[in-house]
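Values in this text are rule-based calculations from the coordinates and carry no lab data. Just so it is clear, the model here is predicted, and its values are computed rather than measured. Here the Cβ positions follow ideal geometry from the backbone for every residue, glycine too, while neighbour counts run over all protein chains shown.
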Amino acid sequence: MLNIALFGPPGSGKGTQSKLLLEKYELEYISTGDMLRDQILRQTSLGITARDLIEKGQLVPDELVVQLLEEHLTANSDANGFLFDGFPRTLVQSYILEGLLLKLNTSLTCMISLDVHQEELTRRLLERATIQGRADDAEHVILERFKEYAVKTLPVVEFYESRGMYFSIDGRGTTEKVFEKVENIIDSVVKESSQNVVLIGRPGSGKGTQGEMFAKKHNFHYISTGGLLLNEIEEKTEIGKSIKTLYENGISVADETIIKMVETEISGIHGNRGFIFKGFPRTLVQTYILEGMLRRLNTSVSLVVYLDVPMLECFKRLSRRSQTDEGRPYDKNTDLIIGRMEEFETKINAVVKYFKKQNKLVRVNGTGTPKEVAAQLDEILLRSLKKTRRI
Ligand code: AP5
Ligand code: MG
């Protein structure tokens, strides 16, 4: 999950930047200010208490804010991530947020503070008052909001600074310029903290089934070179036309072609926890190339899972698959299957050795039902990834 908190004094542009962030990263928006204004509009008892405080420019008690928040977080636990606007704004709220996210097995990715000096803030808010007419945008209330911010909200900075999650940027300049800085921070934090998994195993060992399930469940971006090749063929691209015969006969496609496809696929992906590669790298050359590509993105291979299934069982699975709609052209006869097995056995040892040396290889027993294997994979992967997580 990508969880971002926007921080800053009243008028610093949190709401304005939020709109752009939501569009780019498809996050669930949590603005405690908006939630409170909604309660006021609906005249709930919480809203009635909040109204008096907001109109005076004071913070609403932590207990009330948390009530609104917890429900919303739990109801959206399957979101890509959350964008917090105006929360946490007390030290207590910072601890609460940490606990709530932990319950969802996640944590804050980063807090981004928008720094703007007070005269500019006041000017912005007074101008907004003429457009939106927010009750707390009157001059004497604005001053009270600044005071509350200095006393109760600023201590939050140290909490996140000490955890290495706090980033501050100059919030002056056009909205677009500020947004550029915000997205640069997010992209670099995501890259630094992203984790990439490689799934290897014999043809028929269940890499595709497991990889897709794991990616979906844990917000990884799934990359199957076989799938990418098939796309090219189906869309009759130049690459597609040149590889059709090789693909259908289970013969390896040239490294250059695979690399070009993977490179296109991994650029321009945002907001995932990382990539899960299936069927790539298959050779030592491809291993070096993958490491290079990831390094350029400021990241690396975190873990390699060898899905262990005996050869005979793989044969049985592939032969079964060939009799269904899922059957691949290269499953259609024994010679093709033997060819692919041989190719795998001869090339993969060098890859295995390479990652073993780096202590990145784990073996997972791939026999058993897909559900049983997935449970095992979940446990092993999540445990190992936690250990390798850099921030
Ligand atoms: P909330 O609604 O969160 O208000 P706030 O923190 O005071 O912030 P604002 O919404 O006023 O400013 P903003 O940073 O979003 O700036 P915006 O993008 O609108 O909270 C309201 C009240 O609710 C609080 O006072 C408190 O009582 C209560 N509350 C809320 N959450 C709470 C919590 N967690 N705990 C306790 N109490 C809580 O921009 C401002 C203006 O500037 C706009 O007109 C905009 O168009 C303009 N602008 C934006 N960017 C730029 C730019 N780069 N250049 C020029 N103009 C710009
Ligand atoms: Mg706002």
Dipole of the range 52-138, positive direction: furthest Cα of 68, 107, 53, with charges on the beta-carbon:
107
Per-residue ³J(HN,Hα) for the range 132-149, Karplus 6.51 cos²θ - 1.76 cosθ + 1.60, θ = phi - 60°, Hz, x for Gly and Pro:
9, x, 5, 4, 9, 9, 7, 4, 5, 6, 4, 4, 5, 5, 4, 5, 4, 4
When the gyration tensor of the range 259-338 is built from Cα positions, what are the square roots of 5 times its three eigenvalues, in whole Å, from largest to smallest?
31, 14, 13
Hey, which of these cross-link pairs are over 24 Å Cα-Cα: 24/177; 147/181; 244/347; 24/216; 216/356?
147/181; 216/356
With a ≥ b ≥ c from the Cα gyration tensor eigenvalues, square-rooted, and the rule rounded for a/c under 1.5, otherwise prolate when a/b > b/c and oblate otherwise, the range 12-134 is oblate
Can you give the FRET efficiency to the nearest 0.05 for residue 254 and residue 375, using r as the Cβ-Cβ distance and R₀ = 51 Å?
0.85
Computed about the Cα centre, the charge dipole of the chain from +1 Lys/Arg and -1 Asp/Glu charges at the Cβ has a magnitude in debye, to the nearest 20, of 1360 debye
What is the P(r) of the range 195-388, as percent of Cα-Cα pairs per 10 Å bin from 0?
8, 37, 40, 15, 1
With label points built 7 Å along Cα→Cβ from the Cα atoms of residue 78 and residue 359, find their separation and express it in nm.
3.8 nm
For a paramagnetic label modelled at 7 Å from the Cα of residue 217 toward its Cβ, which residues of the range 277-313 fall within the zone defined by backbone nitrogen distances under 18 Å?
277-278, 303-308
Label-point gap, in nm, between residue 175 and residue 63 - each point 7 angstrom along Cα→Cβ:
3.9 nm
Which value, in debye to the nearest 20, gives the size of the charge dipole of the range 4-192 about its Cα centre, when Lys and Arg are +1 and Asp and Glu are -1 at the Cβ?
240 debye
Quick calc, residue 162 & residue 192: beta-carbon distance into FRET formula, R0 22 Å, rounding 0.05, result 0.80
Heads up, the chain by the C-alpha gyration tensor (a ≥ b ≥ c square roots of eigenvalues; a/c under 1.5 rounded, else a/b over b/c prolate, else oblate) looks prolate
Once you have the Cα-Cα distance between residue 350 and residue 120, take 0.36 nm times their residue separation minus that, and quote the gain in nm to one decimal.
76.7 nm
Please compute the contact order of the chain in relative form: average sequence separation of alpha-carbon pairs under 8 Å and at least six residues apart, divided by the residue count, as a percent.
18 percent
Can you give the Rg to Rh ratio of the range 319-363, both from alpha-carbon atoms, with Rh computed by the Kirkwood formula?
1.18
List 142, 338, 348 from most exposed to least, where exposure is judged by having the fewest other Cβ atoms within 10 Å.
338, 348, 142
Mean ellipticity per residue at 222 nm, deg cm²/dmol - from DSSP H runs of n ≥ 4 across the chain, formula -39500 (n - 2.57)
-18500 deg cm²/dmol
